[in-house]
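The next block holds one structure in the form of structure tokens; read it before the comments.
The values are calculated or read from the model by the stated rules, or taken from the named source; none is laboratory data. What you see is a predicted model, and the numbers here were worked out from it, not measured in a lab. Positions of Cβ are generated from backbone atoms using ideal geometry, with glycine treated the same way; all protein chains shown enter the neighbour counts. Ligands, DNA and RNA are stripped out before the accessible areas are found, and what is left, the full protein with its side chains, is counted by its heavy atoms. Shrake-Rupley method; radii C 1.70, N 1.55, O 1.52, S 1.80 Å.
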Amino acid sequence: MGFEKFGLVSYVSQTKLSKFTQYLEEGRIYATKCLKCGCLQFPPRANCSKCLSDSWEWVPLSGDCKLVTYTKVDAAPAAFKAEAPYLLGLAEFSEGPKVFAWIDRMIPESAVKSGVGLKLKPFKLSNGNFCYTLTAPQSV
Ligand SMILES: [Zn+2]
């Protein structure tokens, strides 16, 4: 299985990080950890964004995170037009890295506030591929 099973629009089918989509399919969230400087990367990266090392290992994340900020998208890019309007959030994992993701539609917009605790959860898209979304902690 390759990376073609990620998201609504996938730009590559094979990367060193293809196992990421397998983890999502299994309901798990994984980051990469640089073996040179220890930096955690999410989404996973084959090269460390701090020291550029290409030595890394998979590390499971709890999914626990806190919303840093968010925005509402009314005018979506072509590939996401059917989903609009939707909320996008930037959240920080308890382990440190940040994630940019959809905010679950089950969370009322009035409850979406900076600082609120959320959980990043893998889910299956209507096209059969996998992605992740910021959900309320109790919905997991
Ligand atoms: Zn590094």
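For the range 10-100, give me every one of the strands (runs of 3 or more DSSP E) that falls completely inside it and has 3 or more residues that are more than 16 Å from the ligand (Cβ to nearest atom) and within 30 Å of GLN138 (Cβ to Cβ).
Qualifying strands (runs of 3 or more DSSP E): 64-73, 86-93.
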Residue check, PHE80 open to solvent by less than 60 Å² (accessible area, probe 1.4 Å) and modelled with pLDDT under 95:
yes
Hey, can you tell me all the residues within the range 113-140 that are among the polar types (S, T, N, Q) and more than 15 Å from the chain's Cα centre (by Cα)?
SER114, SER126, ASN127, GLN138, SER139
Residue that is open to solvent by 30 Å² or more (accessible area, probe 1.4 Å) and closer than 13 Å to LEU118 by Cβ, where the choices are ASP64, ASP74, ASP54:
ASP64
Among the small types (Gly, Ala, Ser) and open to solvent by less than 20 Å² (accessible area, probe 1.4 Å): does that describe ALA101?
yes
